[in-house]
Amino acid sequence: MDPLRSRSLEPSAAEVLRARYARRLPSRLDELIGPTHGSVELPLHVAWSRLRTYDLDLPRQRMSLYRIVLAEGQRHDLLTFLNGDLLTSQWPTLRTLVSRHIRDVWEDAFPELARKASAAA
């Protein structure tokens, strides 16, 4: 087989990333039943740097926790640590802090997030 042709059959890095993020999505935002207040300690497989405990009552820490869970968390982590209402309310800012691939996957799956971002712009 022609090497150029076989390379074109392989998915691009962007396609691989989008598929990875899409597989972890909840069916509905109301499945995200994570806490809305207090201290949250993320497991090591999600937050493998030195900071693992976040105070949801502090906006910057809450935004950091959401950014990390969206990027590194598995499906169970999304359901456990994210809250649908908080995600929606923070989305106009949060979407600027995550990768384009994460943003696109979430907004494609949940048009209400894209609408919220447009309304805030």
Check your understanding: With respect to the numbered conditions (1) polar (S, T, N, Q); (2) touching a residue at least 12 places away in the same chain (Cβ under 8 Å); (3) farther than 23 Å from Ala109 by Cβ, which one is the sole condition not fulfilled by Thr80?
Key -> (3)
Exercise for review: Looking for whichever is more than 25 Å from Lys116 (Cβ to Cβ), at pLDDT below 95 and either open to solvent by less than 90 Å² (accessible area, probe 1.4 Å) or of a type in the set (A, V, I, L, M) (or both) here; the options are Leu17, Leu9. Which one fits?
Suggested key: Leu9
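The values are calculated or read from the model by the stated rules, or taken from the named source; none is laboratory data. No experiment lies behind these values; they were computed from the predicted model shown. Cβ atoms come from the backbone with ideal geometry, glycine included; neighbour counts cover every protein chain shown. We work out accessible area using only protein heavy atoms, side chains counted, and drop any ligands, DNA or RNA first. Shrake-Rupley method; radii C 1.70, N 1.55, O 1.52, S 1.80 Å.
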